[in-house]
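Below is one structure, written out as structure tokens, with a few remarks after it.
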Amino acid sequence: MTAAAPTIGIIGLGTMGLGIAQVYAAAGFPVIATDAHAPARETARARMADALNARITAGKLSEAARDATLSHLTIAETLAEFTPCDLVIEAIVERLDAKKSLFRSLETILSPASILATNTSSIPVREIAAGLAHPDRVLALHFFNPPTAMKLVELAPHATTATKHINIARQITEKAGKTVIECPDRPGFIVNRCARPFYGEALALLSEGRSASDIDAAMLAAGYRLGPLSLIDLIGADINLAATRGLQAAMANHPRYHVFPALEAQVAAGHLGRKSGQGFLHPTTPGPAPADAAQIALRIEATLINEAHWLLSEGGTTAAGIDTAMKLGLNFPRGPFEALALHGRPAVLTTLSALQAAAPQAMKDRYTPAPGLA
Ligand SMILES: NC(=O)c1ccc[n+]([C@@H]2O[C@H](COP(=O)([O-])OP(=O)(O)OC[C@H]3O[C@@H](n4cnc5c(N)ncnc54)[C@H](O)[C@@H]3O)[C@@H](O)[C@H]2O)c1
């Protein structure tokens, strides 16, 4: 990286911010970072060093590379020190008022050419940008956890984000080794939205009396590294429930984002998955695939394919972008459009139509085919 490398600002040094700071620092960008909480600032360098040392122990990093990464990190005490930043990424608390107020303060400090990025998972980017002097420089750079390991970054501009800012944010983040997929400023961006049916249809099958083992074994047989219920066990049923409820509210309670009582019951019972010691399957793993494994997998993939088409129909992304995002964000063996090519449109539409016929009235619209699919 040359001396003219853009300077990156990171605000919030929690789970996401520290990892995002490491991503850019490791790529040679000067990084200025801070946190409102003094202990988070004071421990940030040591926490990053620990993360880098773990990679040295694993034989994946040299001591020289660790030292170079740490040399690019400056911990700031005040926002005034962010003046040189070309791109500032906030990873603070998930609250609209906090993010707006931070960006308002930054506007008085930064040059108008610098970009303000949010790592929000659920707040509309346009709402964060609204009322700023330069809303055209606001966009989302949505990293996945842990940012150092996950290749994917969703880049979500809002309606008036300037193309030059989109391009610069993309170039810088690609230089930092990430695959950047552009997507619209829609709830859940690509991955958190298009993943809903993976969990939801598994929970529907569960409520119809299928065992968690059969459902997950069917998806393993179809090439998935983890079944949907084991994935909920890994993420935490409480986190998954909050994400589903968030999407349901943001999408006007559409039945495609139905919150299944089976998930609520897991949380109420405290069976959160790995973190509580008991989940849908955890501590066990799926048994042998059932005889109808292929139908189970087709049902889940048909709903994934449909959701991806609904998102595509709303504009701002591409089929290839959605496929890449789902593979990188969730370790899926294929994206929904690749799954469509595998099964063929007739099989997918027949599956959706049978599900719609069998669904109770309030749930029928869950299976209505998207415009580009029907
Ligand atoms: N955790 C995830 O898996 C994940 C994934 C993608 C996106 N996100 C998003 O990233 C953001 C951060 O999430 P996290 O999990 O890292 O949270 P976290 O609680 O681990 O860290 C947030 C940090 O921000 C600091 N902070 C809070 N308000 C601040 C302010 N006004 N100014 C400066 N610092 C402030 C806190 O002290 C804390 O250290 C959220 O918007 C979240 O939705 C989280």
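Could you list, ordered by first residue, the pairs with Cβ atoms under 7 Å in which the first is in region 79-94 and open to solvent by less than 70 Å² (accessible area, probe 1.4 Å) and the second is assigned to a loop (DSSP other than H, G, I, E, B) and near the ligand (Cβ under 9 Å from one of its atoms), at least 6 apart or interchain?
What qualifies is 89/119; 90/12; 90/119; 91/12; 91/14; 91/119; 92/12.
Does residue 274 satisfy the condition of being open to solvent by 50 Å² or more (accessible area, probe 1.4 Å) and either closer than 24 Å to residue 217 by Cβ or touching an Asp or Glu at 6+ places or on another chain (Cβ under 8 Å) (or both)?
In short, yes.
Hey, could you check region 98-111 for residues that are within 11 Å of the ligand (Cβ to nearest atom) and open to solvent by 40 Å² or more (accessible area, probe 1.4 Å) and say which is nearest to residue 131 (Cα to Cα)?
Applying the first criterion (within 11 Å of the ligand (Cβ to nearest atom)) to region 98-111 yields 98-103, 105-106.
If we keep only those that are open to solvent by 40 Å² or more (accessible area, probe 1.4 Å) as well, we get 101, 105.
Working: 101: 10, 105: 12 Å.
Out of the qualifying residues, it is 101.
Any idea which of 208, 182 is open to solvent by 30 Å² or more (accessible area, probe 1.4 Å), at pLDDT 95 or above and either within 14 Å of the chain's Cα centre (by Cα) or aromatic (Phe, Trp, Tyr) (or both)?
182 is the lone residue from the list that is open to solvent by 30 Å² or more (accessible area, probe 1.4 Å), at pLDDT 95 or above and either within 14 Å of the chain's Cα centre (by Cα) or aromatic (Phe, Trp, Tyr) (or both).
What's the total number of residues in region 1-21 that are more than 13 Å from the ligand (Cβ to nearest atom) and either within 21 Å of the chain's Cα centre (by Cα) or in a strand (DSSP E or B) (or both)? Show your work before the answer.
Of region 1-21, the ones more than 13 Å from the ligand (Cβ to nearest atom) are 1-8.
From what's left, either within 21 Å of the chain's Cα centre (by Cα) or in a strand (DSSP E or B) (or both): 8.
Here the count works out to 1.
Residues in region 72-97 that are over 21 Å from the mean Cα position of the chain (by Cα) and near the ligand (Cβ under 10 Å from one of its atoms): how many?
Total satisfying the criteria: 2.
Restricting the search to region 292-342, which residues are over 24 Å from residue 184 (Cβ atoms) and surrounded by 18 or more Cβ atoms within 10 Å (Cβ to Cβ)?
Result: 293, 296, 297, 298, 299, 300.
Those residues that are open to solvent by 70 Å² or more (accessible area, probe 1.4 Å) and either closer than 30 Å to residue 111 by Cα or not charged (D, E, K, R) (or both), I need them from region 41-63; list them, please.
Answer for region 41-63, where residues must be open to solvent by 70 Å² or more (accessible area, probe 1.4 Å) and either closer than 30 Å to residue 111 by Cα or not charged (D, E, K, R) (or both): 42, 45, 57.
Among what's in region 343-374 and is open to solvent by less than 70 Å² (accessible area, probe 1.4 Å) and among the charged types (D, E, K, R), pick the residue that is nearest to residue 253 (Cα to Cα).
Ranking the qualifying residues of region 343-374, first place goes to 366.
Taking into account only those residues within region 249-263 that are more than 15 Å from residue 201 (Cα to Cα) and without any contact (Cβ under 8 Å) to a residue 40 or more places away in the chain, which is surrounded by the most Cβ atoms within 10 Å (Cβ to Cβ)?
For region 249-263, the residue satisfying everything is 249.
In the set 152, 139, which member is without any contact (Cβ under 8 Å) to a residue 60 or more places away in the chain, within 16 Å of the ligand (Cβ to nearest atom) and open to solvent by less than 10 Å² (accessible area, probe 1.4 Å)? Steps first, please.
Working: 152 fails: without any contact (Cβ under 8 Å) to a residue 60 or more places away in the chain.
Only one candidate passes the filter, namely 139.
Would you confirm whether any residue within region 24-40 is open to solvent by less than 30 Å² (accessible area, probe 1.4 Å), in a helix (DSSP H, G or I), within 13 Å of the ligand (Cβ to nearest atom) and within 25 Å of residue 62 (Cβ to Cβ)?
No, region 24-40 contains no residue that is open to solvent by less than 30 Å² (accessible area, probe 1.4 Å), in a helix (DSSP H, G or I), within 13 Å of the ligand (Cβ to nearest atom) and within 25 Å of residue 62 (Cβ to Cβ).
When you go through (1) more than 22 Å from the chain's Cα centre (by Cα); (2) within 16 Å of the ligand (Cβ to nearest atom) one by one for residue 56, which number turns out not to apply?
Here residue 56 clears every test but (2).
Could you check region 118-136 and list, in sequence order, the residues that are among the aliphatic types (A, V, I, L, M), closer than 26 Å to residue 191 by Cβ and away from the ligand (no atom under 11 Å from the Cβ)?
The answer is 125, 129, 130.
Give the residue, chosen from 100, 164, that is charged (D, E, K, R) and either farther than 24 Å from residue 79 by Cα or in a loop (DSSP other than H, G, I, E, B) (or both).
164
The values are calculated or read from the model by the stated rules, or taken from the named source; none is laboratory data. Keep in mind it's a predicted model, so treat the numbers as computed, not measured. Cβ coordinates were reconstructed from backbone atoms using ideal geometry, including for glycine residues, and neighbour counts include every protein chain displayed. These area figures cover heavy atoms from the full protein model, side chains too; ligands, DNA and RNA do not enter into them. Shrake-Rupley method; radii C 1.70, N 1.55, O 1.52, S 1.80 Å.
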